[in-house]
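Notes to accompany the following structure.
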Ligand SMILES: Cc1cc2nc3c(=O)[nH]c(=O)nc-3n(C[C@H](O)[C@H](O)[C@H](O)COP(=O)(O)OP(=O)(O)OC[C@H]3O[C@@H](n4cnc5c(N)ncnc54)[C@H](O)[C@@H]3O)c2cc1C
């Protein structure tokens, strides 16, 4: 591909949200480049749920079908590469990639997702997405009524425990340190049969990602079929911040009602903009971002 090739839109991140935007823009006859480094956040989960028409598909199948559909639009090009830097230029923006390619576009869309930060607990990362669950809507049904742990601390712990009680009553809340619950909250949970454990977690024993037991610092082992966990994350891609895009207090890219970031001409969609982490939400916001960008390009033509 020739250096400095110009596009109407460069989409950085070609997973569910980026491909959804690419479809909207391809159908709007826009010249689009999708740059993707192939590291979606759900790669390790065996099955993806709660997305109509594809409930239970593998994440890889979802991506493959999406890519095949978008590839039918001739004005959309793809490269497998990592975008490493960007800058504002007169015609819009330029983006450089790890392999040394350089592209320009009038608009940018970051559909780059977030990167989950695994705690330093042996076994945790191996079980993530398999039997260690981030969201009950995605995987709660499959482990309903089973012996379940929740690893959570801070203000979210009480709300999360209340929520997971909807799926199972065999619940243990592991705060991995002093409990954040006040007396009233602890009483509410205990009345519903929730055990609260403050002892530090030492390790998670598992078989190919299927949790078997959680081992505490005092040597006690608690058997579980599944464990929910709330863990921190950071933006998967730092280019938006380098270009001046502001983050919210939660570490998400700040966007307006048209999916535009705080820098005019730069848009964002999917997990990097919302706590509602779901394929359906990523696809919806990507489609909307595509339409919003096309509208901005039309407005610019008439300006
Ligand atoms: C373990 C787990 C299980 C899940 N299970 C479900 C489920 O069952 N059902 C459901 O609805 N949701 C599920 N989710 C949530 C769902 O996976 C996300 O909401 C969805 O993947 C978000 O899509 P996205 O396109 O915004 O980001 P992602 O899918 O994370 O994709 C971001 C893409 O951007 C690329 N990228 C990032 N930076 C760059 C760069 N600099 N250059 C080029 N490319 C870049 C990445 O490589 C990646 O391909 C799960 C999430 C996790 C973590």
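The values are calculated or read from the model by the stated rules, or taken from the named source; none is laboratory data. Predicted, not measured: the structure shown is a model, and the values here were computed from it. All Cβ positions, even for glycine, are placed from backbone atoms using ideal geometry, and neighbour counts span all protein chains on display.
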*Is it true that some residue in the range 40-58 is more than 30 Å from residue 135 (Cα to Cα) and away from the ligand (no atom under 12 Å from the Cβ)?*
no
*Of the residues that make up the range 26-40, is at least one surrounded by fewer than 16 Cβ atoms within 10 Å (Cβ to Cβ), within 23 Å of the chain's Cα centre (by Cα) and assigned by TED's automatic domain parsing to the domain that holds residue 258?*
yes
*Of all residues in the range 194-231 being touching a strand residue (DSSP E or B) at 6+ places or on another chain (Cβ under 6 Å) and in a loop (DSSP other than H, G, I, E, B), the one that is nearest to residue 161 (Cα to Cα)*: 194
*Exactly one condition in (1) in a helix (DSSP H, G or I); (2) in contact with a helix residue (DSSP H, G or I) (Cβ under 7 Å, 6 or more places away or on another chain) is not met by residue 296; state its number.*
(2)
*Within the range 8-25, can you find the residues that are in contact with a strand residue (DSSP E or B) (Cβ under 9 Å, 6 or more places away or on another chain) and surrounded by fewer than 24 Cβ atoms within 10 Å (Cβ to Cβ)?*
8, 23
*asked:* Could you tell me how many of the residues in the range 193-240 are within 12 Å of the ligand (Cβ to nearest atom) and without any contact (Cβ under 8 Å) to a residue 60 or more places away in the chain?
replied: 1
*Consider residue 112 carefully, then state whether it is within 7 Å of the ligand (Cβ to nearest atom), outside the structural domain of residue 225 (by TED's automatic domain parsing), within 19 Å of residue 15 (Cα to Cα) and outside any strand (DSSP E or B).*
yes
*Would you check if there is a residue in the range 78-97 being modelled with pLDDT of 95 or more, closer than 25 Å to residue 51 by Cα and touching a helix residue (DSSP H, G or I) at 6+ places or on another chain (Cβ under 8 Å)?*
yes
